1. Show me the ranking of peptides 351-363, 468-480 by mean Cβ neighbours inside 10 Å, starting with the highest.
2. When DSSP assigns beta bridges and you keep just the ones with both residues in the chain, what percent turn out antiparallel, to the nearest 5?
3. Sequence neighbours fewer than 8 away in the same chain don't count; with that in mind, list the aspartates and glutamates whose C-alpha is under 14 Å from K16.
4. Quote to one decimal, in nm, the extra length available between E149 and N101 on full extension: 0.36 nm per residue of separation minus the C-alpha distance between them.
5. Rounded to the nearest 500 deg cm²/dmol, what is the calculated helix-only ellipticity per residue at 222 nm for the chain, with -39500 (n - 2.57) per DSSP H run of length n ≥ 4?
6. Starting from the amide H of L466, placed 1.01 Å from N in the peptide plane, find each other amide H under 5 Å away whose residue is 5 or more places distant or on another chain.
7. Where in region 484-499 does the amide nitrogen come within less than 15 Å of the point 7 Å from the Cα of Q42, taken along Cα to Cβ?
8. Treating the Cα atoms of region 266-401 as identical point scatterers in vacuum, please give the log10 of the normalised Debye intensity I(q)/I(0) at q = 0.21 Å⁻¹, two decimals.
Amino acid sequence: MNVSPLQKARYGYTPKLPGMLRGGISEISVKVGAPTQSVADQDKIKELFPNTYGKEEITFVKGTNTSAAKKQVVGVILSGGQAPGGHNVISGLYDALKATNKDNVLLGFKGGPDGLLNNDYVEFTDKFIDDYRNTGGFDIIGSGRTKLETEEQFKKVVANAKVNGLTAIVIIGGDDSNTNAATLAEYMAANDTGIQVIGCPKTIDGDLKNEDIEASFGFDTATKTYSELIGNIERDANSAKKYWHFIKVMGRSASHVALECALETQPNICLIGEEVAAKKMSLAQITNYIADAVEKRGNAGKNFGVAIIPEGIVEFVPEFSALIAEINELLAGSKTDEFNALPDWNAKYEFIKKGLTADSFKVFDILPQGIQQQLFLERDPHGNVQVSLIESEKLFAEMVATELKKRKAAGTYTGKFGTQHHFFGYEGRCAFPSNFDADYCYSLGYNAFMLIQYGYTGYLSKVSNLSKPAEEWNAGGMPITKMMNIERRNGKDKPVIRKALVELDGEPFKYFAAHREEWAVETCFTYPGAIQYYGPAEVCDLTTRTLALEKGGKI
């Protein structure tokens, strides 16, 4: 197989482990902490998870390994969207497993949860693993988005696990995937299968975190990748001096990615969905906020700039959320066919006008026609609007252009407004992991096997103190139920891991808020450049600005 020079060099990189996991498996002991409870709805969560709820947090420490010696056959899956570092979680898991007992076996189930259901797997070997160390992507075994939540599915998983002699299953995924891990662990315990289940926290969106999980893996690499691209665009904007660049970045349910990229690159505008929701901002207010910056810069002869837009921004706008809900009702059932049968857009427009309330139609009517049509053309399998597909970067660019025409006619705006549009999503999900993510992911995998070896189930692999050098990181585990609450999903109460949103009183947002007025008018762009893998630790092992600020550091 032909490989690039960088790929070959990354194969040889040795990830750094937390201090307590270094020096040999025989020297890793366990310190048991206090019992836990869920973040909310304690009685309901306890009732749903009687066998795995309330367990203690644990930390690994230096000492004599007291785990029972037995052969382990572990299955692992990658679940959900890709994130840089997934291969290293599997590498760390494999290395710890083999270091404990060379006869231990690691099976990789292909295509995510479907692999467990269909018993489709590969047995990992040294050669197999070595071809994927420190590289990006999930192509080692692929991923999938099937949810493990029904009794029929659990029975299939158990049957296939028994056939292969599995002693444990590791699920590498985000909040939904680890909710499934908790549910599967409870089923395994309730039915006395003897099969453990361990989770690992993954998502580039950064919304799987709390007081225990300081960062989900992949966030560091993805945001550094996007920030490099945004910095390049800023340099181009400052060179050509003729375009405003509207850049959409991933993050449907939370704006962590947008905020981190703003902290890295200091754009003129960055929208934060959580602030939009808290202030109940309308589309018009957001448009005017951006237009104000464009006007000030344009009137000063600076007809260029950069605006970062989170993927899910429109879902945070109360009036837009109400509009989406009404559209979903408007096209429920057979009404979709009735709508699609109308001869042209004018007829469809009249159908929409009659079907929406006056307030929602007012919102609909200010949207560019392309976005209006997109709301009715793109539907999910349940017949609902696919909000994540709305080109919000184009939406706000067009709405700002319309507003600026009014201001030019009124004589308050004298500049020129040309736009370019970008969406950075897939570009960051499978990049070569940064040294931080390579180290963090390897540690999560290594640590996951230690949880298995010590007999834990329903736990999330936990590595913390991440703003410090890897030697000072702490490794251990926390019950997944500690992160759960009850939410209404598809008309039913369901136990789920609570998503972490951008905290408006948190240090990262406060730093951003303190500087954004200056960034809006002045050209304060910073250029992060490409991820560095070799060189001084202060450059190559740099954590995200978000993590540094959250842990009391400076940027």
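1. Going by the mean number of other Cβ atoms within 10 Å, highest first, we get 468-480, 351-363.
2. 40 percent
3. D95, D437, D439, E471, E472, D541
4. Value of the extension gain: 14.0 nm.
5. About -13000 deg cm²/dmol.
6. Residues meeting the criterion, in which the H sits 1.01 Å from N, do not exist here.
7. 484-486
8. Listed by q, the Debye log ratios stand at -1.29.
Read the figures in this text as sums done on the coordinates, not as results from a lab. Quick caveat: nothing in here was measured; it's all calculated off a predicted structure. Neighbour counts are summed over all protein chains in view; Cβ atoms, including those assigned to glycine, are modelled from backbone coordinates with ideal geometry.
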